[in-house]
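Read the structure below first, then the notes.
The values are calculated or read from the model by the stated rules, or taken from the named source; none is laboratory data. Bear in mind the structure is a predicted one, so any value in this text is a computation, not a measurement. Virtual Cβ from ideal backbone geometry, glycine too; neighbours counted across all protein chains shown.
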Amino acid sequence: MVRFESVSLSYRGGGARGVALDVLRDVNFDLAEGSFRWLLGASGSGKTTLLRLMNMSLRPTRGEVIVLGAPTSSIRRNVMPRLRRQIGVIFQDFRLLPHLSAFDNVALPLRLGGRPEGQVRADVMEMLRWMGLTGKLISLPEDLSGGERQRVAIARAVISRPRLLLADEPTAGLDTTHSERVIHLLRELHRLGSTVIIATHNEAQVDRHPGPALLLSQGSLVEVG
């Protein structure tokens, strides 16, 4: 499902010498389909970069990333949209489309996948009910609170039951009640067969929902659970 083979990623720093700044160093791991992993590490350890490599928005400086059976270094441009439709991503900055309502943001993956509109409405209404957002169906993102925008983004990422779900600090701005509901939702998605990777710095949450983990420290993978 996901494999990293001696993956490193560097950025060229500023200044006259342009020194290379290592963000990830020689990362190796292999996740089978249907896996669940916490992705742990301090701020700046490389968690978000690792997720961006998995969703193919970055390519490594060295090594190979294989996602859904495809080496990202050689994926043809015309194949990329099909692969990305099988990946759900919960971004820290939400990335909702500002001109679409909460309902239409969540419905977008289903419509892109060609789902009949009657089924789209039923599925989206059920998901927004679960998220406590039934009173916000026609609200634009600018009219929602930060926590509401976050829940809409989570709903959009999981609505199509993607094969691979990448969650970057999905509960960071939520209260305890909504945080627990979100984690239960992601664990249920995993139970139904999705591969789920959740990046978090919330140790108490991991203690309440124990599971295997990938632990990053200063760009190096120091533990593979």
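Within the stretch 112-119, does at least one residue satisfy the condition of being assigned to a helix (DSSP H, G or I) and in contact (Cβ under 8 Å) with a residue 40 or more places away in the chain? The answer is no, given that none of the residues of the stretch 112-119 is assigned to a helix (DSSP H, G or I) and in contact (Cβ under 8 Å) with a residue 40 or more places away in the chain.
Take the residues in the stretch 120-137 that are of a type in the set (A, V, I, L, M, F, W, C) and in a loop (DSSP other than H, G, I, E, B), then tell me which one is surrounded by the fewest Cβ atoms within 10 Å (Cβ to Cβ). Working first, answer last.
Filtering the stretch 120-137 down to residues of a type in the set (A, V, I, L, M, F, W, C) leaves 120, 122, 124-125, 127-128, 130-131, 133, 137.
Then drop every residue that is not in a loop (DSSP other than H, G, I, E, B), which leaves 131, 133, 137.
On the way: Met131: 22, Leu133: 19, Leu137: 14.
Going through the qualifying residues, I end up with Leu137.
For the stretch 140-167, filtered to residues that are in contact with a Leu (Cβ under 9 Å, 6 or more places away or on another chain) and in a loop (DSSP other than H, G, I, E, B), the residue that is surrounded by the fewest Cβ atoms within 10 Å (Cβ to Cβ) is Arg161. Can you report the number of residues in the stretch 192-205 which are under 19 Å from the mean Cα position of the chain (by Cα) and either part of a loop (DSSP other than H, G, I, E, B) or at pLDDT below 95 (or both)? Qualifying residue count for the region: 8.
Within the stretch 85-96, the residues that satisfy the criterion of being more than 11 Å from the chain's Cα centre (by Cα), surrounded by fewer than 18 Cβ atoms within 10 Å (Cβ to Cβ) and touching a residue at least 12 places away in the same chain (Cβ under 8 Å) are Arg85, Gln86, Arg95.
Tell me, which residue of the stretch 71-92 that is of a type in the set (Val, Ile, Thr) and assigned to a strand (DSSP E or B) is farthest from Thr171 (Cα to Cα)? Per the stated criteria, the residue is Ile87.
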